[in-house]
Amino acid sequence: MTPQQPPDDDSRALRRDNLRMVGKLAVVAGLMFGFGYALVPMYRAICDALGVNVLSTIEKRTGGVVGREAAYANTQVDRSRLITVEFDANARGPWRFKPERRSIQVHPGEMATVMYEFQNVQDRRMSAQAIPSYAPRQASPHFNKLECFCFNEYSLAPGERKSWPVVFVIDPKLPRDVKTITLSYTFFEVGGRVPAAPAGQRAAAPTAQTPPASVRTGAPA
C-alpha cells in the first residue's frame, strides 16, 4: 500500500485562496443584507427631510390606516372655519391618473371623500403604487386619512380602469392661519422602469420629491 503523499505547496496555496474568497463573499453578503435592512430607516429619513410620503400623526400610531372610531374620538366639527383642499395627481409613466375633483371645501372635523381615477393604457399588466405628499408642511399632522389607495400596491390588466376613494378628516387643531391644503399623489410603477417627466412638465407639475408649491395660507378663492 502506497503511503499518502503530503499536499504540495500548490495545493496549500489553492486552499488558502479558496478560503480567502469564501471570506470575501461572506463579507459582501453581510454588507448587502445590512444595506437592505437599513433602507427603510434611510427612506423614512429622506422622506421626512423632503416632506414626501408624510403620514399624519394618527396614521403613524396606527400603522397607516386610521380607524373611524380613533379619528372621531372627542372630535367635533368646527363650522366656524372652511378649509380648501386641493387635489393634485402626477403620473410617472404611460397611464392616466387624475382626481375626480380638483378641490373641495370642508369644515375641520368633517369627513370628506374624493375619488381618484386611474387607467392602464399600456398593452401589458402593471403593478403600481401612489406616494402622497402634503403642503403646507405644518398641515400634515392634522390631515388624517381614514381610507386611501396609497396604502396598497395594485395590479391592473391592459386597458383596465379603476376608481379609488380617499376618505379623510382634518383635525380641528389645524393652525388657523392655514386656509388651503394641497394633497398631491405621484403614481409610479413598482418593479418597472419609471420614465422621467416630460420636459414641458418638469417645471409646472409638482413631484413626490418636491412638495407642490400651490399652497396658500390666505382666504380661499
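The values are calculated or read from the model by the stated rules, or taken from the named source; none is laboratory data. Because the structure is predicted, anything quoted here is derived from the model rather than measured. A quick note on method: Cβ atoms are made from the backbone with ideal geometry, for glycine too, and the neighbour counts reach across all protein chains shown. Please note that ligands, DNA and RNA were not included when accessible areas were found on the heavy atoms of the full protein model with its side chains. Shrake-Rupley method; radii C 1.70, N 1.55, O 1.52, S 1.80 Å.
Inspect segment 201-216 for any residue being under 22 Å from the mean Cα position of the chain (by Cα), modelled with pLDDT under 90 and of a type in the set (D, E, K, R) and give the result as yes or no.
yes
From MET32, MET42, grab the single residue that is more than 21 Å from SER140 (Cβ to Cβ), out of contact with any Gly (no Cβ under 9 Å at 6 or more places or on another chain), open to solvent by 70 Å² or more (accessible area, probe 1.4 Å) and modelled with pLDDT under 85.
Within the list MET32, MET42, the selection yields MET32.
Pull out all pairs, ordered by first then second residue, where Cβ-Cβ is under 8 Å, the residues are six or more apart or on different chains, the first lies in segment 131-156 and is farther than 14 Å from ALA89 by Cα, and the second is basic (Lys, Arg) and in a strand (DSSP E or B).
TYR154/LYS162; LEU156/LYS162
State whether one or more residues within segment 100-108 are among the hydrophobic types (A, V, I, L, M, F, W, C) and under 12 Å from TYR185 (Cβ atoms). Steps first, please.
Here is the first cut: in segment 100-108, the residues among the hydrophobic types (A, V, I, L, M, F, W, C) are 104, 106.
If we keep only those that are under 12 Å from TYR185 (Cβ atoms) too, we end up with none.
Checked segment 100-108: no residue is among the hydrophobic types (A, V, I, L, M, F, W, C) and under 12 Å from TYR185 (Cβ atoms).
Looking at segment 158-186, which of its residues are of a type in the set (Lys, Arg) and either part of a strand (DSSP E or B) or under 17 Å from the mean Cα position of the chain (by Cα) (or both)?
ARG161, LYS162 - these are the residues of segment 158-186 that are of a type in the set (Lys, Arg) and either part of a strand (DSSP E or B) or under 17 Å from the mean Cα position of the chain (by Cα) (or both).
Within segment 136-152, count every residue that is of a type in the set (A, V, I, L, M, F, W, C) and in a helix (DSSP H, G or I).
Residues that pass the stated criteria total 4.
Per-residue answers, yes or no, for (1) touching a helix residue (DSSP H, G or I) at 6+ places or on another chain (Cβ under 7 Å); (2) modelled with pLDDT of 80 or more; (3) not in a helix (DSSP H, G or I):
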{"residue": "LYS24", "(1), (2), (3)": "no, yes, no"}
{"residue": "VAL65", "(1), (2), (3)": "yes, no, yes"}
{"residue": "ALA70", "(1), (2), (3)": "yes, no, no"}
{"residue": "GLU86", "(1), (2), (3)": "no, yes, yes"}
{"residue": "ALA89", "(1), (2), (3)": "no, yes, yes"}
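With respect to SER155, determine if the residue is out of contact with any helix residue (DSSP H, G or I) (no Cβ under 7 Å at 6 or more places or on another chain), closer than 17 Å to VAL85 by Cβ and either in a strand (DSSP E or B) or modelled with pLDDT of 95 or more (or both).
no
What is the number of the single condition among (1) in contact with a helix residue (DSSP H, G or I) (Cβ under 7 Å, 6 or more places away or on another chain); (2) modelled with pLDDT of 90 or more that ALA130 does not meet?
(2)
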